[in-house]
Amino acid sequence: MPTCLPTVLRRCHTCASERFRANGKFRVNANHKLLDAWLLVLCTTCGDTAKLTVLERMNVRSVRPGLLDRMHDNDPGLAAELLQDPVLRRRNRIALDWAGAWRLDTGGSDHLDREASDAIDVSVRFAARIPVRPVRLIAEGCGLSRAEVERLIKEGKLVSAVPLSGKLSGDFTFTLKR
């Protein structure tokens, strides 16, 4: 689950840094019946502000009032939702760095100590679409090293319907055989 907003990866025009932090602030501008809205991000090096386009020349009547209210209130939840929107990321040519912005919640590790069963079925649910290596999640959640998890996969003692190599951002299940 996310613990804070991710770092926005985009080149700063002032200092050539490539890291921005979002703090949930929006700027909304009206020109007659047309609205523009931006999510403001700050350069981590020089503090310069950059704008990520959320709405561009939208008719006021076509914007949901709830969305407009959330932008006026600088809702950090809306900022998190918008940063995860692939259309917004593509339009603004940004990427996200989730390092240090998420945590693993196992609900307690008591269930891993059971010797009664020969296999443990585990469901992994993502609270947000955070790309994470499944091997890392399994290692942290089961108290194993990453090398040990890789070894279990090669031996066929850790199996899943989805490939566990690379990164995933969607729910998956796996079985750990003892």
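The values are calculated or read from the model by the stated rules, or taken from the named source; none is laboratory data. On a predicted model such as this, the values are computed, not experimentally measured, just so you know. With ideal geometry, Cβ positions are generated from the backbone for all residues, glycine too; neighbour counts draw on all protein chains shown. We work out accessible area using only protein heavy atoms, side chains counted, and drop any ligands, DNA or RNA first. Shrake-Rupley method; radii C 1.70, N 1.55, O 1.52, S 1.80 Å.
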* Is it the case that the stretch 17-24 has a residue that's surrounded by 15 or more Cβ atoms within 10 Å (Cβ to Cβ), over 17 Å from P6 (Cα atoms) and not hydrophobic (A, V, I, L, M, F, W, C)? -> no
* **All positions within the stretch 156-177 that are in a loop (DSSP other than H, G, I, E, B), basic (K, R) and farther than 28 Å from A95 by Cβ** => K157
* Structure fact -> Picked from the stretch 94-133 (must be closer than 19 Å to L158 by Cα and β-branched (V, I, T)), the residue modelled with the lowest pLDDT is T106
* Structure fact -> G170 vs (1) more than 22 Å from the chain's Cα centre (by Cα); (2) modelled with pLDDT of 85 or more: all pass except (1)
* So which residues in the stretch 1-45 are basic (K, R) and closer than 24 Å to I130 by Cβ, if there are any at all? -> R10, R11, R19, R21, K25
* Within the stretch 78-111, restricting attention to residues that are in contact (Cβ under 8 Å) with a residue 24 or more places away in the chain and in a helix (DSSP H, G or I), which residue is surrounded by the fewest Cβ atoms within 10 Å (Cβ to Cβ)? -> R91
* Structure fact -> Note: among L35, L39, just one is open to solvent by less than 60 Å² (accessible area, probe 1.4 Å), in contact (Cβ under 8 Å) with a residue 24 or more places away in the chain and over 16 Å from I94 (Cα atoms), namely L35
* To do: Count, please, the residues in the stretch 122-155 that happen to be without any contact (Cβ under 8 Å) to a residue 12 or more places away in the chain and either outside any helix (DSSP H, G or I) or open to solvent by 50 Å² or more (accessible area, probe 1.4 Å) (or both).
  => 9
* Kindly check whether there is at least one residue in the stretch 11-24 that is touching a Phe, Trp or Tyr at 6+ places or on another chain (Cβ under 8 Å) and farther than 21 Å from A127 by Cβ. => yes
* Asked: For T14, are the conditions met, namely being among the hydroxyl-bearing types (S, T, Y) and under 30 Å from E140 (Cβ atoms)?
  -> no
* Which listed residue is in contact with a Lys or Arg (Cβ under 8 Å, 6 or more places away or on another chain) and at pLDDT below 95, from T14, T3 -> T3
* Any idea which of (1) modelled with pLDDT under 95; (2) under 25 Å from the mean Cα position of the chain (by Cα); (3) open to solvent by 40 Å² or more (accessible area, probe 1.4 Å) is the one L68 doesn't satisfy? -> (3)
* Structure fact -> Selection over the stretch 142-164 where residues are more than 20 Å from T106 (Cα to Cα) and touching a helix residue (DSSP H, G or I) at 6+ places or on another chain (Cβ under 6 Å) yields a count of 0
